[in-house]
1. With unit charges on the beta carbon (Lys/Arg positive, Asp/Glu negative), name the residue among 136, 286, 22 whose Cα is farthest towards the positive pole of the charge dipole of the chain.
2. By how many nm would the segment from residue 64 to residue 190 lengthen if fully extended, with 0.36 nm per residue of separation less the alpha-carbon distance?
3. Would you please state which residues of the range 49-68 a label at residue 95 would reach in this model, taking the label point 7 Å out along Cα→Cβ and a backbone N cut-off of under 15 Å?
4. Given 57, 122, 248, which one lies farthest toward the positive end of the charge dipole of the chain, if we put +1 on the Cβ of every Lys and Arg and -1 on the Cβ of every Asp and Glu?
5. Note down the magnitude of the dipole of the range 1-147 about its Cα centre, charges +1 on Lys and Arg C-beta and -1 on Asp and Glu C-beta and zero elsewhere, to the nearest 20 debye.
6. Within the chain, what percent of beta bridges assigned by DSSP are antiparallel, to the nearest 5?
7. Between residue 345 and residue 121, what is the spin-label point distance in nm, taking each point 7 Å from the Cα along the Cα→C-beta axis?
8. Charges only on Cβ, +1 for Lys and Arg, -1 for Asp and Glu: so what's the dipole of the chain about the Cα centre, in debye to the nearest 20?
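Bear in mind that the values in this text are calculations on the coordinates, not laboratory data. Treat the numbers as computed from the prediction; the structure is a model and nothing was measured. Cβ sites come from the backbone with ideal geometry, for glycine too, and all protein chains shown count toward neighbours.
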Amino acid sequence: MKHSADGSWLLYGATGYTGTLIAEQAVKRGHRPILAGRNAEKLRVLGKRLGLTWWAFPLEDQSTLFKAAASVDLVLHAAGPFAKTCEPMMDACLAGKSHYLDISNEIPVLQSAQARHHMAEGNGVSLIPGVGFGTVASNCLARHVCEQLAEPVSLEIVLSPYVAQHSAGAAQSTLNTIAHGGYVRRGGALMSTPFGSGAKHIRIKNRKHNALPVPSGDLEAAYMATGIAHITVFMVSPLHPIIARLALPLVQKLLGWETFRQRLAQRADARSTVSVAKPAGGNHRSWLWAQVTDRYGNMFAAKLETGEGYEFTASASVLAVERALGQRLSGTMTPAKAFGTDFVLQIEGVRGYNTC
């Protein structure tokens, strides 16, 4: 085995907004990753600024992709939309016997990784999707609340993210996700629902929130980490539940048109350098809440508070790289299973767990 705690690693998608933050955080922590992606000129500029080597190639160039993955101990994949880009990189890492990490939060990505579990075990490497926001936070929080009850049967997770800037890759992933409708987990299986159905009010510490079920990768990651049969993941929404249930199925239909979705994605790409206005009230932080119920109706809930979403991703993903290189891991796993329930508490700016 070539893996070691101070092993080499490659960051693919380094010139994107999130990838650049990760590269900067890596250098800050003393790493020297190889920067990689499609655009040679952008890589050259970033590499010169950070004093790092770079390697330009598209994922479609399988020969170079496999060569690159085999040349390092680990690849951190940061080029979305991950449902389209994850499998070529996973396969290259498996062939090159290199660890694979990514910052996705998409159900198909986790499913693709699970389908390769036995191959990863046999090759002595790990596949760990979702080492960014909010999968790290939700995964650790979900496992924490589930550990408080002996026989948990259902889990609700509420996400309230704050990001300081639009990301084109994240926007494209969101549009694609909505176009495919909603999902919940019932009896251990994913069930398709119209987007917007199941919207409701959720009361957290005497404050009522509009909550919208979302088909995020947290549904898959939470199941992998806890084995809970019934899981719903919500996002705090500005829409009243009645409006969400009526209007959002229509939004799903519109996004089902490829041309319309592509136009929205292009607009998101054009706005990707525009900062997002800070929310009123001065609370510029993200938070998550989770509640578990056991077979007897007993409940336990806790809240976790983090910083800005992209900064969290940069810190969490680099820390995950360090942990993956420093441990003997193999197979497909989530962040909480790979690094422990308290992994999220090691990330700068995190406050929790607070029992609700």
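1. The residue sitting most towards the positive pole is 286.
2. Details: separation 126, 0.36 × 126 = 45.36 nm, distance 3.64 nm.
Extra length from residue 64 to residue 190 when fully extended: 41.7 nm.
3. Of the residues in the range 49-68, 58-68 have backbone N under 15 Å from the label point off residue 95.
4. Positive-end residue among those listed: 248.
5. On the way: 14 positive and 12 negative charges, 106 e Å.
So the magnitude is around 500 debye.
6. Details: 34 of 58 bridges.
Approximately 60 percent, going by the DSSP bridge assignments.
7. Modelled inter-label distance: 3.0 nm.
8. Details: 35 positive and 25 negative charges, 158 e Å.
Magnitude of the dipole: close to 760 debye.
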